[in-house]
Amino acid sequence: MTEPIVARTRDELAEALSRGEQESAVVLTMGALHAGHRALIHAARDLVGTGGAVLVTIFVNPLQFGPGEDFERYPRPFGADLAVCAEEGVDLVFAPATEELYPLGDPQVTVAPGPLGAELEGAVRPGHFAGVLTVVAKLLNLTVPSYAVFGEKDYQQLVLVGRMVADLDLPYEIVGVPTVREADGLALSSRNRYLSADERAAAPVLGRALEAGAAAAAGGPDAVLAAARAELTGVELDYLELRGADLEPAPATGPARLLVAARAGTTRLIDNIAVDLP
Ligand code: PAF
C-alpha cells in the first residue's frame, strides 16, 4: 500500500500534476468516504489502468449548502479518508482549504445550472446546483483529468455536470457509476451517519419503493408511480417523480428514471433507479 501524494494548495497540486504525463481520472468528493466512493475510485482506476493516475479531491464546498443546512456539522474525518485513499491505491489527493479554492471570497461569477437546477433537489435547495457546478468546474479545471467519475446516487448532479461540460465545451469525459447499497437496499451516503436507530430502520423504504416502481414498468408511468408510492410509509415524502433519462418529462416508453426524496426524522434522503418503460 503506497500513501497518496497530498496537495493542500494549487501550487502543490500543479507541482504533483507536472510530474506525470499519464492519463488521469478524478473522483470529486466532500470526504467522509464510504464504499460508494470506493466504487468510484475503482471505476476511475478501470478507466486509466495501472499506468494512469487516479485523483481524489476532498473539499466540503460551502457554496452548495443553503442556510440551516449541515455545512458546519458535515463530517470531516480527514485521516480516515486518507487511509481509504491509500487502501484504494489513489495516486494524488487534493484537499484545499476554503480560502485556497475561493481566494477572492465568495465567487461573483458562478455556473448557472439552467431550468433543471430549479427542479427536484433544486426546488428544495435553491442555489445548490449553482454551488455544485461552480466547484465542479473549478476542481476539473485545476485537476485537468481525462475522466471525472460521479455516482448515480446524486443523479440530478450527474446529469447537470454532463450538461455543463457539453454546454461549456469543457474537455472532460463524465462517467456515471451505479449506486452502492447496504444489504437492505439503503443507498450509501455520507449523511447516513446522521440517522438515529429508528430513522435507519425506516430509511430502506426508499430503495424498496424504487424497486417496486421499476418492477411495475410494464403497466406504464402511472403504475410505476403508484407501486412506488404504496411502499413509502414511515418517511415524509418531498417528491417522487418519474422523468426521462436526462430528467426531461417522462417518456411514455423507453428509458426513464424514478427519483425520490424523503425525510427520515431530520435526515433528508434521496435515491433513484433506472426504469425501462416497455
Ligand atoms: O457529490 C458530492 O460529493 C459533491 O456535490 C461534489 C461533486 C464533490 C461537489 O462538491
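Figures for the structure shown
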item: Residues being touching a residue at least 24 places away in the same chain (Cβ under 8 Å), over 16 Å from Arg8 (Cα atoms) and either among the β-branched types (Val, Ile, Thr) or surrounded by 18 or more Cβ atoms within 10 Å (Cβ to Cβ) (or both) - total across the stretch 89-118; result: 5
item: Residues within the stretch 55-76 that are over 26 Å from Ala16 (Cβ atoms), without any contact (Cβ under 8 Å) to a residue 60 or more places away in the chain and either within 13 Å of the ligand (Cβ to nearest atom) or surrounded by 15 or more Cβ atoms within 10 Å (Cβ to Cβ) (or both), tallied; result: 2
item: Unique residue being of a type in the set (A, V, I, L, M, F, W, C) and under 18 Å from the mean Cα position of the chain (by Cα) when the list is Leu104, Leu116; result: Leu116
item: Close pairs (7 angstrom Cβ cut-off, 6 or more residues apart or separate chains): under 15 Å from Leu195 (Cβ atoms) in the stretch 252-278, of a type in the set (Phe, Trp, Tyr) and surrounded by 15 or more Cβ atoms within 10 Å (Cβ to Cβ) anywhere; result: Thr267/Tyr194
item: Yes/no for Arg125 being within 12 Å of the ligand (Cβ to nearest atom), modelled with pLDDT of 95 or more, surrounded by fewer than 20 Cβ atoms within 10 Å (Cβ to Cβ) and closer than 26 Å to Ala262 by Cα; result: yes
item: Some residue of the stretch 29-40 being at pLDDT 95 or above, more than 15 Å from the ligand (Cβ to nearest atom) and either over 30 Å from Thr267 (Cβ atoms) or surrounded by 15 or more Cβ atoms within 10 Å (Cβ to Cβ) (or both); result: no
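The values are calculated or read from the model by the stated rules, or taken from the named source; none is laboratory data. Since the model is a prediction, treat every value here as computed from it, not as a measurement. Because the Cβ atoms are built from the backbone with ideal geometry, glycine has one as well, and the counts that use them run over all protein chains shown.
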